[in-house]
Amino acid sequence: MLKIFLALFVCGLLFSCGKKEASNKEQKYTPPQIPEAEEYLSQQTIKCEAGSFCPDYVAKIVVFDKGSPRFCTGTLVGRSKLLTSASCLPNYLRSTDADCSEDVHVFFSRGSSRPAERVACKSILQVSELDGNVADYWRDDVAVLELSRNLWSREFKDISRKGFRDGDKLRFYGVEQSGDYTGVIKKEECESVLNSYLYPLSSHESSPNILLAGCVRKTGYRGAAILDGFPRIRGVLSENSSLRASLVNSSLLIKPLKDFVNISNFACAPFLEENSALSEQECAKSLDYSAVAGGRSHLLSDDVRFGTLLTELERVANGLSKYYKILISLEQSGDRQIINYRPVCFKDVDSWLDSVKGDGDVTEVPRFPGRILRKGVDSYGRAVTQEVEGKEEKYYLTFSGKRLFKEDLSDVFVSTDSTPTRRLNSIKACP
């Protein structure tokens with residue numbers, strides 16, 4: 001009897017656990033119920049920062065996601081269309097035609113002395129597919145909401161597919177959320193940064209993601225429209241880059257990094273029925289960590305960092321030596337590179353060989369420029385070269401004139417005041 005009772009008890013436990021698991025699996029998020037949600041929403045405010053221009057096309061968005069409110073910024077792009085970021089929306093609303101009336105709530109300022117104008121969200125007109133959790137590799141982060149009514153008295157902004165040049169001056173109006181209820185519209189001014197070590201995939205006016213330097217992303221700013229001087233909308237504020245952390249404490253960093261925000265570029269991102277791109281090839285390029293690593297490696301390569309400088313120093317060195325063609329080599333010393341000058345062949349031999357053919361050792365003592373170089377990253381996240389100009393250094397270069405005349409080659413002995421003599425075997429006339 002006891003065995004039967006225990007068996008029934010265990011079966012009952014298993015049955016109840018199975019029911020519970022099935023229930024959890026099917027459970028769908030339900031937003032806070034009235035009056036709780038309604039009371040919370042009724043206390044929401046949005047106002048302009050004191051003494052500042054207050055654009056009437058900027059909205060505060062309150063999103064309920066798994067019982068918690070999330071705050072974003074929206075911008076009117078039509079009488080009843082509001083632009084924001086797809087990452088502002090919960091996963092279950094990231095589909096076209098989804099009903100957002102219970103989950104997404106929109107507020108516009110009517111001045112500091114009047115309550116906010118509240119507008120219901122009707123449906124999702126457009127939303128990006130966000131692959132993974134790393135914003136740096138998202139193709140775009142854009143959402144367009146259909147509001148429940150037309151806002152005839154408010155201005156709206158147009159989209160531009162112009163793209164971004166390095167150093168473009170831009171701005172955005174973000175609604176900074178303070179506490180549970182207060183939103184303040186604030187203006188942030190930025191400039192675009194291309195070809196940075198921080199994010200080398202932002203390398204072209206049509207790159208899908210662009211970094212903006214000098215502006216700060218605060219609570220509630222996500223989804224803000226990036227404006228040029230006309231003003232037209234050029235992009236949408238997305239999540240922050242995850243690549244900054246690895247650089248902040250790096251020995252590569254020469255100066256503290258500026259603040260950055262990461263945006264989706266409308267030169268690539270679709271907007272409603274418009275799917276044209278400024279450069280389809282650039283918009284479709286690979287966005288992953290291997291592409292970032294490859295871009296960083298290229299930006300810090302010796303050819304990119306030192307190539308132009310070394311070419312110029314070689315030109316100077318060759319003008320200082322009568323007998324030799326000079327090449328430069330780099331010697332690693334910690335995180336710095338020290339320049340060494342090396343004769344590789346005898347130049348213009350016909351013009352001077354007869355004057356030394358009877359001599360033994362011929363010594364030339366040119367003074368070559370001293371340089372110490374360092375690769376680094378500046379406050380804009382750009383890869384740069386630090387150049388420390390050292391003292392000119394005397395090089396003692398010795399060869400046998402007699403041997404060069406008889407054998408068309410000679411060993412060359414090289415030394416400086418700070419380095420021992422080294423022998424370069426069988427140096428010949430330059431081709």
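The values are calculated or read from the model by the stated rules, or taken from the named source; none is laboratory data. Everything quoted here is computed from the prediction, not taken from an experiment. For neighbour counting, all protein chains shown are included, and Cβ atoms are generated from backbone atoms with ideal geometry for every residue, glycine included. Only protein heavy atoms, including side chains, enter the accessible area calculation; ligands, DNA and RNA are left aside. Shrake-Rupley method; radii C 1.70, N 1.55, O 1.52, S 1.80 Å.
Could you please state how large a percent of the accessible area of the stretch 304-409 is carbon and sulfur, counting protein chains only and using a 1.4 Å probe? That share works out to 45 percent.
Ordered from largest to smallest accessible area (heavy atoms of protein chains, 1.4 Å probe), the residues I124, I372 come out as I372, I124.
Please find, in a Gaussian network model of the chain (springs between Cα atoms separated by less than 10 Å), the residue of D335, D359, D103 whose mean-square fluctuation is greatest. Between D335, D359, D103, it is D359 that shows the largest mean-square fluctuation. Taking 0.36 nm per residue of sequence separation and removing the Cα-Cα distance, the E392/A291 pair yields an extension gain of 32.2 nm. Figure legend: label point modelled 7 angstrom from the Cα of K402 along Cα→Cβ; residues of the stretch 344-372 with amide N under 14 Å from it are 356-362.
Just the number, please: carbon plus sulfur as a percent of the accessible area of the stretch 116-187, 1.4 Å probe, no ligands or DNA/RNA counted. It would help to have the intermediate numbers written out before the result.
On the way: 1420 of 3350 Å².
It is 42 percent, rounded to a whole number.
Applying a DSSP loop filter and a limit of 12 other Cβ atoms within 10 Å to the GluC sites (Glu not before Pro) in the stretch 252-303 leaves E273.
Among S242, S87, what's the order by accessible area (1.4 angstrom probe), most exposed first?
Working: S242 70, S87 5 Å².
I get S242, S87, largest accessible area first.
Once all protein chains are placed together, I339 keeps about 10 Å² accessible to a 1.4 angstrom probe.
Could you please report the charge total around A224, scoring K, R as +1 and D, E as -1 over all other residues with beta-carbon less than 13 angstrom from its beta-carbon?
On the way: positive: K60, K157, R171, K186, K187, R217, K218, R222, R234; negative: D141, E176, E188, E189, E239.
Spelling it out: positives minus negatives among the neighbours equals +4.
Per residue, how much accessible area does the chain show when a 1.4 Å probe rolls over the protein heavy atoms, in square angstrom? Per residue, the chain has 51 Å² of solvent-accessible surface.
Antiparallel DSSP bridges in the stretch 121-261: what percent, to the nearest 5? Each step should come with its number before you reach the end.
Values: 25 of 26 bridges.
Looking only at bridges with both residues in the stretch 121-261, the antiparallel portion is about 95 percent.
According to the calculation over all Cα-Cα pairs in the stretch 70-115, the P(r) per 10 Å bin from zero is 20, 54, 21, 5 %. The calculated pair-distance distribution of the stretch 51-133 uses every alpha carbon pair, bins of 5 angstrom beginning at 0, and gives 3, 14, 25, 26, 16, 9, 5, 2, 0 percent.
Work through the residues other than L257 whose Cβ is under 10 Å from its Cβ and net out their charges, Lys, Arg +1 and Asp, Glu -1. Cβ neighbours under 10 Å give a net charge of +1.
Each residue was assigned an accessible area with a 1.4 Å probe, and for H204 the value is about 70 Å². Can you tell me the length gained on complete extension of the stretch S42 to S351, counting 0.36 nm per residue apart and subtracting the Cα distance? Gain on stretching S42 to S351: 101.9 nm. Among P369, P420, P256, the largest mean-square fluctuation in a Gaussian network model of the chain, built with springs joining Cα atoms closer than 10 Å, belongs to P420.
If you take every residue apart from L287 with its C-beta less than 10 Å away from the C-beta of L287, what net charge results, scoring Lys and Arg +1 and Asp and Glu -1? If you can, show how the numbers build up before the last one.
Details: positive: R139, K285; negative: D131, D136, D288.
Charge balance near L287 sits at -1.
A simple spin-label model places pseudo-atoms 7 Å from Cα toward Cβ; at V248 and L330 they are separated by 2.9 nm. Given the options S203, S297, S238, which has the most mean-square fluctuation in a GNM of the chain, springs set between C-alpha atoms less than 10 angstrom apart? Residue with maximal mean-square fluctuation among S203, S297, S238: S297.
Among the trypsin sites (Lys or Arg not before Pro) found in the stretch 295-368, those both in a DSSP coil and sparsely packed, with 16 or fewer other Cβ atoms within 10 Å of their Cβ, are K322, K357.
Counting only the heavy atoms of the protein chains, how much of T363 is accessible to a 1.4 Å probe, in Å² to the nearest 10? Around 80 Å² of this residue is reachable by solvent. Over what distance in Å are the Cα centres of the stretch 398-430 and the stretch 81-155 separated? Answer, in whole Å: 75.
Taking all protein chains together and a probe of 1.4 Å, list R423, R374, R382, R118 from the most accessible to the least accessible. Show your work: numbers first, answer last.
Numbers: R423 140, R374 35, R382 60, R118 90 Å².
My answer, sorted largest first, is R423, R118, R382, R374.
The stretch between R423 and E314, if pulled fully straight at 0.36 nm per residue, gains 37.2 nm over its current Cα-Cα span. Report the percentage of all Cα-Cα pairs in the stretch 311-363 whose separation exceeds 13 Å, rounded to a whole percent. Across the stretch 311-363, Cα pairs with separations above 13 Å total 66 percent.
Separation of the alpha carbons by more than 22 angstrom is noted, of K169/K258; K322/K375; K169/K285, for K322/K375; K169/K285.
Of the beta bridges DSSP finds with both residues in the chain, what % are antiparallel, to the nearest 5? Kindly include the intermediate steps, with their values, before the conclusion.
Values: 92 of 99 bridges.
Taking every DSSP beta bridge within the chain, about 95 percent pair in antiparallel fashion.
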